[in-house]
């Protein structure tokens, strides 16, 4: 019984200390699934705090499943994307609980210039969940067709977020 009470107290304390964004020096790592028209894959990102409400980071995504056209013709370059991004972490501005963060941002990638909106919720000091939605604002090629459309459209991601 003593062990159970100790474990429950530890869990409650860890929930009380969870914080989604701490400001300058904060580092997040996220890994999750991405979903878009014609494919789904893996999404990996990192964010580094540079101010009270600002962070920058990097994103890599790779489509594992492609459901349109002749799948054997989809090359690595069609499936892969890499981006640099800037976030405005506004959870505290919106008056949200410290465990939550909302972060709109801009990203510059191999395929396009885009925007994203994300949300993180931390259960403990080091672990949480995130979800993001992203859209291209300006495609490098205005006439994208076929496989070029991959990683160049609306995308939704969900996964785990970690404090480093």
Worksheet item: Can you give the extra length, in nm with one decimal, that the chain gains between residue 140 and residue 86 once fully stretched, where that is 0.36 nm per residue apart less the Cα-Cα distance?
Response: 17.5 nm
Discussion item. Highest mean first, how do 138-151, 30-43 rank when packing is the count of other Cβ atoms within 10 Å averaged over residues?
Written reply: 30-43, 138-151
Worksheet item: Mean shadow of region 80-164, computed from the convex hull of its alpha carbons, in nm²?
Response: 6.0 nm²
Fill in: Packing rank of 83-89, 53-59, where each peptide gets the mean count of other beta carbons within 10 Å, highest leading
83-89, 53-59
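Each value in this text was obtained by applying a stated rule to the coordinates, not by laboratory testing. For clarity, every value in this text was computed on a predicted model and none was experimentally measured. For neighbour counting, all protein chains shown are included, and Cβ atoms are generated from backbone atoms with ideal geometry for every residue, glycine included.
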